[in-house]
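Participant: Pasting in a structure now, in structure tokens, and then I'll have a few things to ask.
The values are calculated or read from the model by the stated rules, or taken from the named source; none is laboratory data. Fair warning: this is a prediction, and the values are worked out from it, not measured in the lab. With ideal geometry, Cβ positions are generated from the backbone for all residues, glycine too; neighbour counts draw on all protein chains shown. Just so you know, the surface numbers come from the protein's heavy atoms only, side chains and all, with ligands and any DNA or RNA stripped out. Shrake-Rupley method; radii C 1.70, N 1.55, O 1.52, S 1.80 Å.
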Amino acid sequence: MGNYVVIGASSGIGLRIAQDLIAEGHHIWASSRSGSPSPSAAAANWFAFDAHSDSFPADSLPATINGLVYCPGTVRLKPLRALKESDFTADFQLNVMGAVAAIKAGLSGLKKCDSGGSIVLFSSVVVQTGMPFHASVACAKGAIEGLARNLAAELAPRIRVNAIAPSLTDTPLAAHLLSDDAKRSAAAQRHPLKRVGTPEEMARAAVFLLGPQSGWITGQVIPVDGGMGSVRTFK
């Protein structure tokens with residue numbers, strides 16, 4: 001069994017990843033902004049990290065790390081005229097600089113993994129598929145895709161780096177977009193598979209990329225998006 005670090009594990013996709021890894025018998029180091037453990041993943045070793053304000057607590061990580069996944073994200077949907085420079089800065093800080101800090105802190109531990117370490121980041125379908133009102137988050141997540149590909153080259157062959165690009169997923173972060181039946185139905189109909197994604201589906205993809213079954217995959221951005229980014233259905 002291995003040692004895995006899950007940044008942003010208090011809810012949503014990050015929590016589900018931590019739960020799935022615990023169920024497989026792995027040892028988990030998990031972060032939330034408060035450091036308080038989630039009751040449904042209490043078996044993890046919890047530490048505090050707020051990407052907006054904290055230095056990363058590298059001394060909270062294990063000496064050897066099999067995999068690290070960075071889950072925090074933002075859903076700031078505004079027209080460009082309403083976006084402030086501080087909105088772009090905040091999205092970039094949480095999505096990108098927080099990931100950079102976590103990776104730098106975990107790098108020595110990942111290099112010590114005998115089988116080679118794995119890093120998983122989260123992008124978004126909006127990077128490759130332009131959508132109204134997503135300018136700020138798309139900028140930040142586009143940087144994540146660049147980071148994943150370039151670190152995959154830099155850290156090969158010892159450490160693999162990949163990203164997952166979800167579409168709308170039923171998590172607390174997206175709750176305001178799915179807050180009633182009409183919104184949920186409209187969101188589902190925009191996807192070729194006619195529903196929104198689940199944290200369980202995103203977690204399964206992440207756990208696969210973290211583990212040895214994906215040992216020949218690196219530098220990839222993998223859509224888990226209900227077909228939103230690549231499929232058009234016409235009636």
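Participant: I need a count of the residues in the stretch 81-132 that are closer than 20 Å to P157 by Cβ and aliphatic (A, V, I, L, M).
Facilitator: Within the stretch 81-132, residues that are closer than 20 Å to P157 by Cβ and aliphatic (A, V, I, L, M) number 6.
Participant: Taking the condition in a helix (DSSP H, G or I) and not aliphatic (A, V, I, L, M), does G35 pass? So that I can check it myself, show each step before the final result.
Facilitator: On the way: in a helix (DSSP H, G or I): no; not aliphatic (A, V, I, L, M): yes.
Considered against the rule, which asks whether it is in a helix (DSSP H, G or I) and not aliphatic (A, V, I, L, M), G35 comes out as no.
Participant: Go through the stretch 71-95 and give me each residue that's among the hydrophobic types (A, V, I, L, M, F, W, C) and part of a helix (DSSP H, G or I).
Facilitator: Applying the first criterion (among the hydrophobic types (A, V, I, L, M, F, W, C)) to the stretch 71-95 yields 71, 75, 77, 80, 82-83, 88, 90, 92, 94.
Of everything in the stretch 71-95, those that are among the hydrophobic types (A, V, I, L, M, F, W, C) and part of a helix (DSSP H, G or I) turn out to be L80, A82, F88, A90, F92, L94.
Participant: Being in a loop (DSSP other than H, G, I, E, B), at pLDDT 95 or above and open to solvent by 20 Å² or more (accessible area, probe 1.4 Å) is the filter here; which residues of the stretch 111-123 pass it?
Facilitator: Restricting attention to the stretch 111-123, the residues satisfying the condition of being in a loop (DSSP other than H, G, I, E, B) are 112-116, 123.
Now narrow it down to the ones that are at pLDDT 95 or above: 112-113, 123.
Answer for the stretch 111-123, where residues must be in a loop (DSSP other than H, G, I, E, B), at pLDDT 95 or above and open to solvent by 20 Å² or more (accessible area, probe 1.4 Å): just K112.
Participant: Exactly one of these conditions fails for I144: (1) at pLDDT 95 or above; (2) β-branched (V, I, T); (3) open to solvent by 30 Å² or more (accessible area, probe 1.4 Å). Give me its number.
Facilitator: (3)
Participant: Name the pairs: first residue in the stretch 70-84 and over 30 Å from S118 (Cα atoms), second residue of a type in the set (K, R) and in a loop (DSSP other than H, G, I, E, B), Cβ to Cβ under 8 Å, at least 6 apart or on different chains?
Facilitator: L83/R76
Participant: Would you mind stating whether F88 is in contact with a Ser or Thr (Cβ under 7 Å, 6 or more places away or on another chain), surrounded by 14 or more Cβ atoms within 10 Å (Cβ to Cβ) and not acidic (D, E)?
Facilitator: Numbers: in contact with a Ser or Thr (Cβ under 7 Å, 6 or more places away or on another chain): yes; surrounded by 14 or more Cβ atoms within 10 Å (Cβ to Cβ): yes; not acidic (D, E): yes.
Spelling it out, F88 is indeed in contact with a Ser or Thr (Cβ under 7 Å, 6 or more places away or on another chain), surrounded by 14 or more Cβ atoms within 10 Å (Cβ to Cβ) and not acidic (D, E).
Participant: Between a first residue in the stretch 147-163 that is closer than 13 Å to S123 by Cβ and open to solvent by less than 60 Å² (accessible area, probe 1.4 Å) and a second residue that is among the hydroxyl-bearing types (S, T, Y) and not in a loop (DSSP other than H, G, I, E, B), which pairs have beta carbons less than 8 Å apart while being 6 or more apart in sequence or on different chains?
Facilitator: V161/S118; N162/S118; N162/S214
Participant: Which of the residues belonging to the stretch 116-172 are of a type in the set (A, V, I, L, M, F, W, C) and within 18 Å of A186 (Cβ to Cβ)? Give the derivation first.
Facilitator: Going through the stretch 116-172, the residues of a type in the set (A, V, I, L, M, F, W, C) turn out to be 119-122, 125-127, 131, 133, 135, 137-140, 143-144, 147-148, 151-153, 155-156, 159, 161, 163-165, 168.
Correct list: V125, V126, M131, F133, L168.
Participant: With S40, S108 as the choices, which residue is at pLDDT below 95, of a type in the set (S, T, Y) and out of contact with any strand residue (DSSP E or B) (no Cβ under 9 Å at 6 or more places or on another chain)?
Facilitator: S40
Participant: Only one of these conditions is not met by A63: (1) of a type outside the set (V, I, T); (2) open to solvent by 30 Å² or more (accessible area, probe 1.4 Å); (3) at pLDDT 95 or above; (4) in a helix (DSSP H, G or I). Which number is it?
Facilitator: Unmet condition: (4).
Participant: Out of all the residues in the stretch 1-34, which are over 21 Å from F122 (Cα atoms) and open to solvent by 20 Å² or more (accessible area, probe 1.4 Å)? Step through it out loud before you land on a result.
Facilitator: So in the stretch 1-34, the residues over 21 Å from F122 (Cα atoms) come out as 1-2, 23-27, 34.
Correct list: M1, A23, E24, G25, H26, H27, S34.
Participant: How many residues does the stretch 38-52 hold that are part of a loop (DSSP other than H, G, I, E, B) and either over 17 Å from N95 (Cα atoms) or among the polar types (S, T, N, Q) (or both)? Break it down stepwise before answering.
Facilitator: Here is the first cut: in the stretch 38-52, the ones part of a loop (DSSP other than H, G, I, E, B) are 38, 42-44, 49-52.
Subset that is either over 17 Å from N95 (Cα atoms) or among the polar types (S, T, N, Q) (or both): 38, 42-44.
Residues flagged as part of a loop (DSSP other than H, G, I, E, B) and either over 17 Å from N95 (Cα atoms) or among the polar types (S, T, N, Q) (or both) within the stretch 38-52 amount to 4.
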